[in-house]
Every structure is written in structure tokens, then in C-alpha cells.
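J.: Structure provided below as C-alpha cells; questions to follow.
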Amino acid sequence: APRNRWYRSKLEQLVKDRVIFEIGCGSGILACYALELGAKHYYGIDIRSNRISYANQMIKTLGYNNATIWCDDFLRLTAQDFPEPVDILLCEQVGNQYQSDISIQQFWRHANKIFKNPYQSLPDCWTVQAWIYPTLLSNDLPEYQPKKFLNDALLPNGFYDYVQKTAVLHPDRIQTVIELTPNNAEKPVSFDI
């Protein structure tokens, strides 16, 4: 629900009379938001044919006729595959980006090559942060793992609050080590701590 609220609120501000393209349209929920909110046209792609069938059927059932969805790999598309300029790129990539070779960066790189005009991306940034802990050794970590601790009425006054503040190790600082955007997608990903 928080993810859906975030996307809907962003799309409410952006999609009216604009052309939307989504990489990995999945079940079609963002497509339906965009169309419901007045997108001029929605284009979606997914590499899983069962998702395409499902999203196409849903969009037709809901009565939208300004959507084009097809099964393909976005990284194989060319500029000729787009009959009109794309205004907004929906590039939500869930899951472990390291296991997928940081696919969001690959998608932004490719979009920068094939889209004929500047576009706005949602999301427009992918960030990795390092949480720096004081003198924490790897064998110390299990000791500091948060544990389920219920605020029971039988606990002494203030006991629960004190345990909550002290039982979990807090980082000394949080440092952004990677921040990718469509504008810096060409740079290799590397960092030092």
C-alpha cells in the first residue's frame, strides 16, 4: 500500500495528457493508475508473457483503449520501436539490484540512447547507503539483533522505553555510497568506505 500510494500521488501530478512507458509492467497496476489519471497513451513491456496477457486483459476489461503492452526485453528495443516521444519512464525495479547487475542503471542507459527527447523517470534516483557502526565486529552482530519485546502493562514505568533506546545498536553515521540517476547512469558503479 505505501508503494502504491507513492506512485499514485506522483502520477497524479505528472501523467495528464502525457505519454508513459513502463519497463516491467507486471500486473498492470501502474498502467491502470496512469490511464485512470488521464495519460495520453500508456506503453508497457515485460519479459514474462503471462504478465502481459494478464495486464492486457485487465486494461481491456476496464475499458481503456489507449494502451499498448507487449512482451520483449527492453534492452533490445530501438528508437524505431517508439511511434511517439516518451514523456515519463516508469522504471521501478524491485528486488536485489546486485543480483540483477543493477538493472535500473542498465535501463536508464538504454533509455538515454533510444528515447528521442528528454524524459522524466519514476523513480528518478537509486541510492545505496552504508550504515557505519562503532567498533562492531562481525561476531558481535547477533548480540545486537533487534528482538521482539512487548510493551506489557506489568513492566515497570519507563522500562520498555529504555530498552527500546538501548537494546538496538545504532549507527554512528549513515553514508551514501551510490546514487544513480538517469543523468549519471553511464558512470560505473564503485565505492570505497
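The values are calculated or read from the model by the stated rules, or taken from the named source; none is laboratory data. Just so it is clear, the structure is predicted and the values come from calculations on it, not from any experiment. Heads up, the Cβs are rebuilt from the backbone with ideal geometry, glycines too, and the neighbour counts pull from every protein chain shown. Side chains are part of the model used for accessible areas, which takes the heavy atoms of the whole protein and leaves out ligands, DNA and RNA. Shrake-Rupley method; radii C 1.70, N 1.55, O 1.52, S 1.80 Å.
J.: Angle between the Cα long axis of helix 49-61 and the longest principal axis of the chain, 0 to 90 degrees, nearest 10?
T.: Its long axis makes an angle of about 70 degrees.
J.: I'd like to know how the stretch 1-101 sits against the 2.2 N^0.38 Å rule of thumb: what's its Cα Rg over that expected value?
T.: Scaled against compact globular proteins, the figure is 1.04.
J.: So, one more: When the helices in the chain are scored as -39500 (n - 2.57) per DSSP H run of 4 or longer and the sum is shared across all residues, what 222 nm value do you end up with, to the nearest 500 deg cm²/dmol?
T.: After summing the helix terms and dividing by residue count, I get -8500 deg cm²/dmol.
J.: A follow-up question, please. How long are the three semi-axes of the equivalent ellipsoid for the chain, computed from the Cα gyration tensor as the root of 5 times each eigenvalue, in whole Å, largest first?
T.: Calculated on Cα positions only, the semi-axes equal 41, 23, 15 Å.
J.: Using a 1.4 Å probe, what is the accessible area per residue for the chain, in Å²?
T.: 63
J.: Can I ask one more? Could you tell me the center-to-center distance, by alpha carbons, between the stretch 105-123 and the stretch 8-65 in angstrom?
T.: Between the Cα centre of the stretch 105-123 and that of the stretch 8-65, the gap is 18 Å.
J.: Pulled fully out, how much extra length does the chain show between Asn184 and Ala79, if you take 0.36 nm times their separation in residues and subtract their Cα-Cα distance?
T.: Full-extension gain reported as 35.7 nm.
J.: Val189: net charge of surrounding residues, Cβ under 14 Å, Lys/Arg +1, Asp/Glu -1, itself excluded?
T.: -2
J.: While we're looking at this one, here's another question. Return the carbon/sulfur percentage of the accessible area of the chain, one whole number, probe 1.4 Å, all protein chains in place.
T.: 51
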